[in-house]
Amino acid sequence: MNRGPSQLFGRHNAEEELSTRPDHALVGVIRMPGTVISPVRSIIRRIIGALIALAATVAIVYVGRDGYEDSAGGELSVLDVIYYATVSLSTTGYGDITPVTEQARLVNVLVITPLRVLFLIVLVGTTLEVLTERSRQAFKIQRWRSKVRDHVVVIGYGTKGRSAVTALLGEGADPGRIVVVDTDRASLESASAQGLVTVNGSGTRSDVLRVAGLPRARAIVIAPARDDTAVLVTLTARELAPKAQIVAAVREAENVHLLRQSGADSVVVSSETAGRLLGMATSTPSVVEMFEDLLSPEVGLAIAEREVERQEVGGSPRHLGDIVLGVVRNGELYRVDAPEADAIEEGDRLLYVRKVSPPQT
């Protein structure tokens, strides 16, 4: 009997409940990007808010000071008004200065009391901010889960996953349409700081991947630290997203066939690729520099893919203004020197070298 990865590895029922939780229960699992305010700036903003409330109270009481009575007798001075405003807003209320006229009492009910509440809100702002942020995150998660599709899921945000995201952003991808799945808090914080959506959980769990919207993803990048983990994640991902483009990284070439059998469309061998570059650097370092340039999307030269233009159909890719490396036809890549690439056909896509302009400052 055929069994999916979930049955093969004996997942607990409690783990499978994650994808069925309501959106507000996923706060802390999913983290939506937001504006980060420094603690010092946040404290300064609260102090300014408290001073504004205090100043408004002082002004109101001073204007209507004839309606107040001081137990010590005499007319209220500016200092007396400041004293009354301070003890009133802090709800201390010694009772030595009290409103005695109806007008003063009405002002206390309609104006001073709201200012007192505002002052208290500022004082307990940290707790309220946490609650507000949680509600805001719950709303963002609900809206995101209802709309997310055709996004990119990156499973594993180590060196390989981080480099993959950098390449995606360099190609103009929207950070809000990239979802990072990892269990390391520091990695998730780093991803969130770049404006990425993060999901805290193991990529080997199908419920975590469902929460990341993997069944509706356009592409999946699998970049864990271990090859056996990559195989399991690929099996799970292919089961959940049969039509998605899956790209997996593996350390050892002997495991490539396992990744392909598990459902990966493309497999990158990180150790062999790095080893080749190291070997080439000993004799032809300029070639390595050119490779680095081609792989860095921010500046210099980059490898890109585009659709053929109507006037290019029937011509040779070697005679174009662009430096064409290959032709993609029906999902298969032909090098520019292959017989199949002698003439461009309608519907082909060209793999070419394009010049990247530095960003304008």
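The values are calculated or read from the model by the stated rules, or taken from the named source; none is laboratory data. A quick note: this is a predicted structure, and the numbers were derived from the prediction, not measured. With ideal geometry, Cβ positions are generated from the backbone for all residues, glycine too; neighbour counts draw on all protein chains shown.
Listed conditions (1) within 27 Å of G170 (Cβ to Cβ); (2) touching a residue at least 12 places away in the same chain (Cβ under 8 Å); (3) surrounded by 12 or more Cβ atoms within 10 Å (Cβ to Cβ) are all met by K355, apart from (3). Out of V336, V231, one residue alone is of a type outside the set (K, R) and within 24 Å of L168 (Cα to Cα). It is V231. Looking only at residues in the range 213-236 that are small (G, A, S) and more than 19 Å from V29 (Cα to Cα), which one is surrounded by the fewest Cβ atoms within 10 Å (Cβ to Cβ)? Only one residue tops the list, namely A225. One residue alone among L118, L131 is within 34 Å of the chain's Cα centre (by Cα) and at pLDDT below 70, and that residue is L131. If you filter the range 265-285 down to residues that are touching a residue at least 12 places away in the same chain (Cβ under 8 Å) and among the charged types (D, E, K, R), you find that the one that is nearest to E332 (Cα to Cα) is D265. Pick from the range 267-291 the residues that are outside any helix (DSSP H, G or I) and closer than 17 Å to A253 by Cα: which of them is modelled with the highest pLDDT? Residue satisfying both the conditions and the ranking: V267.
Regarding the range 316-338, can at least one residue be identified that is more than 24 Å from V356 (Cβ to Cβ) and touching a residue at least 24 places away in the same chain (Cβ under 8 Å)? Yes, the range 316-338 contains a residue that is more than 24 Å from V356 (Cβ to Cβ) and touching a residue at least 24 places away in the same chain (Cβ under 8 Å).
The rows are residues; the columns are (1) without any contact (Cβ under 8 Å) to a residue 60 or more places away in the chain; (2) farther than 25 Å from R143 by Cβ.
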residue	(1), (2)
V180	yes, no
L188	no, no
L214	no, no
R238	yes, yes
L259	yes, yes
G263	yes, yes
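Only residues that are modelled with pLDDT of 85 or more and farther than 20 Å from S187 by Cβ were counted across the range 149-176, and they come to 3. Kindly indicate whether L294 is modelled with pLDDT under 90, closer than 13 Å to K355 by Cα and in a helix (DSSP H, G or I). Taking the combined requirement at face value, the residue satisfies it.
Quick grid of which residues meet (1) of a type in the set (D, E, K, R); (2) more than 18 Å from L351 (Cβ to Cβ); (3) surrounded by 16 or more Cβ atoms within 10 Å (Cβ to Cβ); (4) within 28 Å of the chain's Cα centre (by Cα):
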position	(1), (2), (3), (4)
E252	yes, yes, no, no
G263	no, yes, yes, yes
S266	no, no, no, yes
V269	no, yes, yes, yes
M290	no, no, no, no
R310	yes, yes, no, no
R318	yes, no, no, no
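Close Cβ contacts (under 7 Å, 6 or more residues apart or on different chains) running from residues in the range 145-156 that are on the phi > 0 side of the Ramachandran plot and in the same structural domain as T234 (by TED's automatic domain parsing) to residues that are assigned to a loop (DSSP other than H, G, I, E, B) and surrounded by 15 or more Cβ atoms within 10 Å (Cβ to Cβ) comprise G156/G203; G156/A223; G156/P224. Going by what's in this entry, would A304 be described as touching a Ser or Thr at 6+ places or on another chain (Cβ under 8 Å) and either surrounded by 15 or more Cβ atoms within 10 Å (Cβ to Cβ) or outside any helix (DSSP H, G or I) (or both)? Considered against the rule, which asks whether it is touching a Ser or Thr at 6+ places or on another chain (Cβ under 8 Å) and either surrounded by 15 or more Cβ atoms within 10 Å (Cβ to Cβ) or outside any helix (DSSP H, G or I) (or both), A304 comes out as no.
Of the listed requirements (1) assigned to a loop (DSSP other than H, G, I, E, B); (2) modelled with pLDDT under 90, I344 misses just one: (2). Scanning the range 148-189 for residues that are small (G, A, S), in contact with a strand residue (DSSP E or B) (Cβ under 9 Å, 6 or more places away or on another chain) and over 12 Å from I220 (Cα atoms) yields G158, G170, A173, G176, S187. Please work out if A223 is in the same structural domain as S262 (by TED's automatic domain parsing), modelled with pLDDT of 90 or more, over 24 Å from V256 (Cβ atoms) and not hydroxyl-bearing (S, T, Y). Answer is no for this residue. Of all residues in the range 183-234, those satisfying the criterion of being in a strand (DSSP E or B) and in contact with a helix residue (DSSP H, G or I) (Cβ under 7 Å, 6 or more places away or on another chain) are V197, T198, V199, N200, I220, V221, I222.
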